[in-house]
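Engineer: Can you keep this structure in mind? I'll have questions shortly.
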Amino acid sequence: MNARHWIALVLMCAAVIGSFTYLAIDVRALFSVEAAAQMWNYFARFFPPDFSADYLAQAWRGTLETIAISGVGTVLAAACGMLIALPACGRFGPVARIVSRFVLNFLRSIPELVWAALMVFAVGLGPFAGTLALALHTTGVIGRLFAETLENAPPEPALALQLAGAHPAAAFFYGTLPNVIAQFVAYTLYRWEINIRMAAILGVVGAGGLGQMLYMSLSLFQQAQAMTIILAMLLLVVIVDAASAALRARME
Amino acid sequence: MARDPAALPRFVLTALIVVLLIPGFKLTEFEPGVLFDTRNRETIGRFLGTFFPLALSADFLQLVIKSTIETLAIATAGMALALAIAAPLSLLVTRSLSISRIGPGPGLWSGRVLRTPVRLALMLCRSVPEIVWALLFVRAVGLGPTAGVLAIGITYGGMLGKVYAEIFESGDTRPTVALLESGSGHLPAFLYGMLPVALPEIVSYSVYRWECAIRASVIMGFVGAGGLGMQMELSMRMLSGGEVSTMLLVFLLLVMLADGISAALRRVIE
């Protein structure tokens, strides 16, 4: 421990104490026996979860909707990302490169949930808003990854085709694309995995899927049904994790 | 004209994706027409039109600064809570710190029996997304930053607990084991054998998580857990785009600032 470490430590402690003071959180009241009993009462109402056949069918539909939102959103993003990646890797001159990079950065830096809240205003409540929100954010992420892949792809095959008289589009499809398509697919699958998790919670702002069901059941004080949805979310994430781990193990 | 040898597999793959997507489009109520519907286009156009110019009135800026500080405070207090949860639990689940594992003696089974539920509890804490915790706590303790602090504390407590234990195990555990075998207690063995090895990694991971907590606390505001996100949601509801775009700008600056601070902190530690 030297002086700089001590300064960092003191600053961090000051930040923590300052934060609790600023938020006016009464730590002792929050962790009192009374508060614990209240919390216990609140969370006890979530059990047992609602496992009636009727509600399980609804939860199943919500799960399918979540998967559909993530799938359609990711495919749209892959298509748009591809279109924007072409100018972003410098194919159409420096101006197009700067403009398209700015668009990608903008799309990426706004979180999915903020996009979802905006889309709910644009197209109304429901899964379509969630799909658009995921597509917008993911286009930014995937577009940048695609552009980097294209930049790093070997230029010789496409160049050879073009020098032999091929149209630039044909040179791209037969000279460049085969070299990058595997990487593109890998990136898209990777983002799909993240998007399934995201699609499950986007609904809390009204963008469809399991999140919206959770939000509605909590608003109606149907805690048992809320618990069913939370379990469905957990199950979905566990399955996706296992599937992606299995897939990765097989590909290696 | 020569045929493309890869045409058939490509066609099959594309057809498969399209067939799988059709029910997806139906389930997501995919109707791009909604976006271009005249009445809707006018509403969207009007809302988007209000995004510029930015809202920069003194009153509003004051409110933005206040909620930005609140967001930072939620992230920091939440991380402190997460640390308070993760530190003891990570010690409990670290196997190298177990005395009963060294040799036959009392406590072998009780140690195992204790570690499993703690590990499960940590898993439960981090598997439920923070925004769901926030949604639950907003209903338990009311709207405002307290719900955000609790949500970050629990989710990140679960993550930190697991990662800390992994860091402890992945370092050189021989000093710890040597101390334990020569009769030292758990805590001295941890403080003198394990912590010095693991500390830099622990600190740098925690700082990185603090950065994530800032982003998370903005997002949790959308379900009422205080801070910049809550203000952003209110402005959206009132369709005042200028305020939304100002706050989005502040959010981006905040993320960049947190990035800078965390890089600087990590440099100090190394």
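The values are calculated or read from the model by the stated rules, or taken from the named source; none is laboratory data. Just so it is clear, the structure is predicted and the values come from calculations on it, not from any experiment. Here Cβ is always computed from backbone atoms with ideal geometry, including for glycine, and neighbour counts include all displayed protein chains.
Engineer: Using beta carbons and a limit of 7 Å, which pairs, at least six apart or on different chains, have the first residue in segment B:60-76 and assigned to a helix (DSSP H, G or I) and the second one charged (D, E, K, R)?
Structural biologist: Taking only residues 6 or more apart or on different chains, the pairs are B:Phe60/B:Glu243.
Engineer: Which condition breaks for A:Trp115 when tested against (1) in a helix (DSSP H, G or I); (2) in contact (Cβ under 8 Å) with a residue 24 or more places away in the chain?
Structural biologist: (2)
Engineer: Could you identify the single residue in A:Leu150, A:Leu177, A:Leu107 that is more than 30 Å from B:Leu27 (Cα to Cα) and within 14 Å of chain B (Cβ to nearest Cβ)?
Structural biologist: Step by step, each of A:Leu150, A:Leu177, A:Leu107 is checked, and only A:Leu177 is more than 30 Å from B:Leu27 (Cα to Cα) and within 14 Å of chain B (Cβ to nearest Cβ).
Engineer: Pick out the one residue from A:Ala226, A:Ala232, A:Ala199, A:Ala207 that is buried (at least 19 other Cβ atoms within 10 Å of the Cβ), within 13 Å of another protein chain (Cβ to nearest Cβ) and not in a helix (DSSP H, G or I).
Structural biologist: One residue alone meets the criteria, A:Ala207.
Engineer: Quick one: A:Ile69 ticks every box in (1) away from every other protein chain (no Cβ under 14 Å); (2) within 24 Å of A:Gly211 (Cβ to Cβ) except a single one, so which number is it?
Structural biologist: (1)
Engineer: Return the pairs, sorted by first residue and then second, in which the second residue is assigned to a loop (DSSP other than H, G, I, E, B), the first residue lies in segment A:28-50 and is surrounded by 13 or more Cβ atoms within 10 Å (Cβ to Cβ), the beta carbons are less than 8 Å apart, and the residues are 6+ apart or on different chains.
Structural biologist: Partner pairs satisfying both residue conditions: A:Asp50/A:Gln222.
Engineer: Please report, ordered by residue number, the helices (runs of 4 or more DSSP H) entirely within segment B:189-270 with at least 3 residues that are among the hydrophobic types (A, V, I, L, M, F, W, C) and touching a residue at least 60 places away in the same chain (Cβ under 8 Å).
Structural biologist: By residue number, B:195-220, B:241-269.
Engineer: Is it the case that some residue within segment B:96-114 is part of a helix (DSSP H, G or I) and within 14 Å of another protein chain (Cβ to nearest Cβ)? First the steps, then the outcome.
Structural biologist: So in segment B:96-114, the residues part of a helix (DSSP H, G or I) come out as B:96-97, B:108-114.
Okay, now just the ones that are also within 14 Å of another protein chain (Cβ to nearest Cβ), so none.
No, every residue in segment B:96-114 fails to be part of a helix (DSSP H, G or I) and within 14 Å of another protein chain (Cβ to nearest Cβ).
Engineer: Quick one: A:Gly90 ticks every box in (1) away from chain B (no Cβ under 14 Å); (2) part of a helix (DSSP H, G or I); (3) touching a residue at least 40 places away in the same chain (Cβ under 8 Å) bar one, so which box is it?
Structural biologist: Result: A:Gly90 fails condition (2) only.
Engineer: Cβ-Cβ distance below 6 Å, separation of 6 or more or different chains: which pairs start in segment B:17-43 with a residue that is part of a helix (DSSP H, G or I) and end on one that is among the acidic types (Asp, Glu)?
Structural biologist: Hits for this filter: B:Leu27/A:Glu65.
Engineer: Does B:Ala58 satisfy being under 30 Å from A:Gly175 (Cα atoms), more than 12 Å from chain A (Cβ to nearest Cβ), of a type in the set (Gly, Ala, Ser) and loosely packed, with under 11 Cβ neighbours inside 10 Å?
Structural biologist: When the stated conditions are applied, B:Ala58 does not pass them.
Engineer: State whether one or more residues within segment B:115-137 are modelled with pLDDT under 90, among the polar types (S, T, N, Q), part of a helix (DSSP H, G or I) and more than 25 Å from the chain's Cα centre (by Cα).
Structural biologist: No, segment B:115-137 contains no residue that is modelled with pLDDT under 90, among the polar types (S, T, N, Q), part of a helix (DSSP H, G or I) and more than 25 Å from the chain's Cα centre (by Cα).
Engineer: If the requirement is being over 20 Å from B:Ala86 (Cβ atoms) and within 12 Å of chain A (Cβ to nearest Cβ), which of these qualifies: B:Leu199, B:Leu234?
Structural biologist: B:Leu234
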